[in-house]
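Below is one structure; the comments refer to it alone.
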Ligand code: SF4
Ligand code: SF4
Ligand code: SF4
Ligand code: SF4
């Protein structure tokens, strides 16, 4: 068990014993390799099952929405920024959430690891700071950890929680080291025809299970535009137009709000890289408005207010 | 029907015979995924795979299916009249389908072809015109638990032919008249081959170490099970997406809608999901499954309690493990069912 896991358990136990909170939202060990399960610990005993590994790839902020009671929540950089966003958007009350800040080790991409062993069955994966140990039927292999981080974790700009009531462990390196603007670069280099072709290709396998939407802490509308049926904006079939409409609109609804947490890509069961869309929007918001979502509770999100000197982005 | 033997390199001859009448489909590798794809007899078939990512459910029950079409012109005497769709134009063969996925078709037959008065003609047409050539499982995944839900790595239900991979040979087991016809020209298998296949079956069954227990669920009343305290917690991490239901070979909720564009109209059926709040939302605004807890409970109660009661013991799950391996929050059907089966303390 790693040190952070141990400290999370001790802290969670204390918060529950002292009744500071009703529940601690974290992760417990998953039942399959390379997947931990979001977990809600209500008692000190349950707190002892919490874990912190490179496979904690959901965004726990999602679970705070409409949740009753006072909850503690484990939050690395992106998750803390989404909590800030939810507070600013009046979805979460600051006094009802107790943020356990943590440094992100850089979460791992299970698909990248699986791709190393295409026709073999993986039964167990463990990691330390440098290496991942993959075990399966008739094989065992070590991989260099940093090569298997999720794409968004390579380009992360805030690995430490930005807002917290208590910090677990030490603050670590602030960034992932990669250049975040490169996510947007492919689109920017293309003319409109090849851009459309690349877009179609990127989303051709989508089965519209909506895991990317439901896993995201930005998507909390009571009725999502794709579920509206009077009028019905988006059809229910696998027609390209309906799939594209969903993705384009979903991405735009994330503008100025997305923290590039990568939960959407990790959730997608068919491996679609929808961050290519939100990544371009993230860059535009940063360049046009000098704004990164969720860094503080005060700065108003740029798309919620009008200023006479706003850039003329349509032009 | 006697077992036959086929050299693996001659599989293409069998496929060639099959392709005279049938369009062929088989699991192929696409990057790190295994997908169903059209194949030609000479293509190299994939034998080393656990199972396809998406189940073959869509061959019988497509994600989007046109049921009827019409001319969208109310003033036209020929307008707004529903026209029938043509059936499958050419029979199909699904080669190397896994036993669990074939069993899933057999389970869904009980739903879609329950009795003559309510047969789903769209399902029936494709089912009757699809030959199923199965491939027994050598290396079940850690998420497979078919042996505890009336299925298994060499299960034969629903199949026309079962193939067992004996390295450079295939043991060929015809199971229906169509299967027998297809394999009629192959030589009979020797006892050694039959024994090797039987040994493999035992090994594969032994390799499946996880499972579900259903005895208490079966013995309780519906209401007792429905009120099982485990449901207070199971839903907590679920995000109510459609992943488990879309990947599941036996989930079969659907929606029907009319779509129009200018003069053209069509009535379509699309996959839907009990995990979606919209699925049960009434026009009145009332929703009988209004909370996430209700929806998660429904998925598991339907498969493991309601279906067995309605369908003479048939379970709405074949143990393929797809929902577990694809769920973004690790809701594991085995843990859920085993918790549902736990005793209820007062
Ligand atoms: S999670 Fe993937 S398959 Fe599902 S709707 Fe999103 S992009 Fe499509
Ligand atoms: S859109 Fe994706 S990356 Fe952005 S906040 Fe939502 S889940 Fe995270
Ligand atoms: S069980 Fe998992 S896959 Fe199914 S709806 Fe819930 S989160 Fe989605
Ligand atoms: S419920 Fe899960 S394990 Fe059972 S048949 Fe469906 S996808 Fe497979």
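Starting from residues that are buried (at least 18 other Cβ atoms within 10 Å of the Cβ), more than 18 Å from residue A:283 (Cα to Cα) and in contact (Cβ under 8 Å) with a residue 40 or more places away in the chain, keep the ones in region A:215-232 and report whichever is farthest from the other protein chains (Cβ to nearest Cβ). Within region A:215-232, the match that is farthest from the other protein chains (Cβ to nearest Cβ) is A:217.
The listed residues are A:100, A:133, and the only one of them that is away from chain B (no Cβ under 14 Å), within 30 Å of residue B:204 (Cβ to Cβ) and at pLDDT 95 or above turns out to be A:133.
Given the criteria under 26 Å from residue B:99 (Cβ atoms) and assigned to a loop (DSSP other than H, G, I, E, B), does residue B:314 qualify? Spelling it out, residue B:314 is indeed under 26 Å from residue B:99 (Cβ atoms) and assigned to a loop (DSSP other than H, G, I, E, B). Among the residues making up region A:129-159, those that are assigned to a loop (DSSP other than H, G, I, E, B) and in contact (Cβ under 8 Å) with a residue 24 or more places away in the chain are A:129, A:150, A:155, A:156, A:157, A:158, A:159. When A:294, A:279, A:256 are screened for being within 13 Å of ligand 2 (Cβ to nearest atom), buried (at least 19 other Cβ atoms within 10 Å of the Cβ) and not in a loop (DSSP other than H, G, I, E, B), only A:279 passes. Just one of (1) touching a helix residue (DSSP H, G or I) at 6+ places or on another chain (Cβ under 7 Å); (2) surrounded by fewer than 20 Cβ atoms within 10 Å (Cβ to Cβ); (3) touching a residue at least 40 places away in the same chain (Cβ under 8 Å) fails for residue B:306. It is (1).
Evaluate the following for residue A:235: is it touching a residue at least 40 places away in the same chain (Cβ under 8 Å), assigned to a loop (DSSP other than H, G, I, E, B), touching a strand residue (DSSP E or B) at 6+ places or on another chain (Cβ under 8 Å) and within 15 Å of ligand 1 (Cβ to nearest atom)?
Details: touching a residue at least 40 places away in the same chain (Cβ under 8 Å): no; assigned to a loop (DSSP other than H, G, I, E, B): yes; touching a strand residue (DSSP E or B) at 6+ places or on another chain (Cβ under 8 Å): yes; within 15 Å of ligand 1 (Cβ to nearest atom): yes.
So residue A:235 does not fit the description; no.
The residue list A:207, A:243 contains one member that is at pLDDT 95 or above, surrounded by 14 or more Cβ atoms within 10 Å (Cβ to Cβ) and within 16 Å of ligand 4 (Cβ to nearest atom), which is A:207. Here residue A:169 fits the description: closer than 24 Å to residue A:80 by Cβ and either at pLDDT below 95 or in a loop (DSSP other than H, G, I, E, B) (or both). Take the conditions (1) within 14 Å of residue B:217 (Cβ to Cβ); (2) assigned to a loop (DSSP other than H, G, I, E, B); (3) within 13 Å of ligand 4 (Cβ to nearest atom); residue B:304 misses just one of them, which is (2). If you go through region B:32-49 and keep only what is over 20 Å from the mean Cα position of the chain (by Cα) and more than 13 Å from chain A (Cβ to nearest Cβ), you end up with B:39, B:40, B:41, B:42, B:43, B:44, B:45.
Okay, residues lined up against (1) within 20 Å of residue B:228 (Cβ to Cβ); (2) more than 16 Å from ligand 1 (Cβ to nearest atom):
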position	(1), (2)
B:267	no, yes
B:273	no, no
B:286	no, yes
B:291	yes, yes
B:300	yes, yes
B:303	yes, yes
B:319	no, yes
B:322	no, no
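Residue B:341 meets each of the listed conditions (1) surrounded by fewer than 23 Cβ atoms within 10 Å (Cβ to Cβ); (2) within 14 Å of another protein chain (Cβ to nearest Cβ); (3) in contact (Cβ under 8 Å) with a residue 12 or more places away in the chain; (4) more than 12 Å from ligand 3 (Cβ to nearest atom) apart from (2). Candidates B:299, B:295: the one that is within 12 Å of ligand 3 (Cβ to nearest atom), surrounded by 23 or more Cβ atoms within 10 Å (Cβ to Cβ) and within 17 Å of residue B:243 (Cβ to Cβ) is B:299.
Here the condition is being more than 16 Å from ligand 4 (Cβ to nearest atom), modelled with pLDDT of 95 or more and either surrounded by 12 or more Cβ atoms within 10 Å (Cβ to Cβ) or within 14 Å of chain B (Cβ to nearest Cβ) (or both); of A:181, A:201, A:193, it holds for A:201 alone. In region A:187-196 there is no residue matching the filter, namely being without any contact (Cβ under 8 Å) to a residue 60 or more places away in the chain, within 16 Å of ligand 3 (Cβ to nearest atom) and farther than 19 Å from residue A:152 by Cβ. Within region A:259-276, the residues that satisfy the criterion of being assigned to a loop (DSSP other than H, G, I, E, B) and within 13 Å of ligand 1 (Cβ to nearest atom) are A:262, A:268, A:269, A:270, A:271, A:272, A:273, A:274. So for region A:31-47 (the condition being under 18 Å from residue B:327 (Cα atoms) and within 16 Å of ligand 1 (Cβ to nearest atom)), does at least one residue qualify? Within region A:31-47, one or more residues are under 18 Å from residue B:327 (Cα atoms) and within 16 Å of ligand 1 (Cβ to nearest atom). Within region B:223-237, can one find any residue that is closer than 22 Å to residue B:105 by Cβ, outside the structural domain of residue B:35 (by TED's automatic domain parsing) and touching a strand residue (DSSP E or B) at 6+ places or on another chain (Cβ under 7 Å)? There is no residue in region B:223-237 that is closer than 22 Å to residue B:105 by Cβ, outside the structural domain of residue B:35 (by TED's automatic domain parsing) and touching a strand residue (DSSP E or B) at 6+ places or on another chain (Cβ under 7 Å). Of the residues screened, residue A:20 is one that is more than 22 Å from the chain's Cα centre (by Cα) and on the phi < 0 side of the Ramachandran plot. Just one of the numbered conditions (1) in contact (Cβ under 8 Å) with a residue 12 or more places away in the chain; (2) surrounded by fewer than 17 Cβ atoms within 10 Å (Cβ to Cβ); (3) farther than 28 Å from residue A:253 by Cα is not true of residue A:45: (1). Test residue B:5 against the stated conditions and say whether it is within 25 Å of the chain's Cα centre (by Cα), surrounded by 14 or more Cβ atoms within 10 Å (Cβ to Cβ) and under 20 Å from residue B:175 (Cα atoms). Taking the combined requirement at face value, the residue does not satisfy it. Any residue that is in contact with a strand residue (DSSP E or B) (Cβ under 9 Å, 6 or more places away or on another chain), closer than 30 Å to residue B:144 by Cα, surrounded by fewer than 21 Cβ atoms within 10 Å (Cβ to Cβ) and at pLDDT 95 or above - is there at least one of those in region A:9-28? Checked against the condition, which is being in contact with a strand residue (DSSP E or B) (Cβ under 9 Å, 6 or more places away or on another chain), closer than 30 Å to residue B:144 by Cα, surrounded by fewer than 21 Cβ atoms within 10 Å (Cβ to Cβ) and at pLDDT 95 or above, region A:9-28 yields at least one hit.
Scanning region B:241-294 for residues being under 25 Å from residue B:108 (Cβ atoms), more than 10 Å from chain A (Cβ to nearest Cβ) and assigned to a loop (DSSP other than H, G, I, E, B) gives a total of 9.
The values are calculated or read from the model by the stated rules, or taken from the named source; none is laboratory data. For clarity, every value in this text was computed on a predicted model and none was experimentally measured. With ideal geometry, Cβ positions are generated from the backbone for all residues, glycine too; neighbour counts draw on all protein chains shown.
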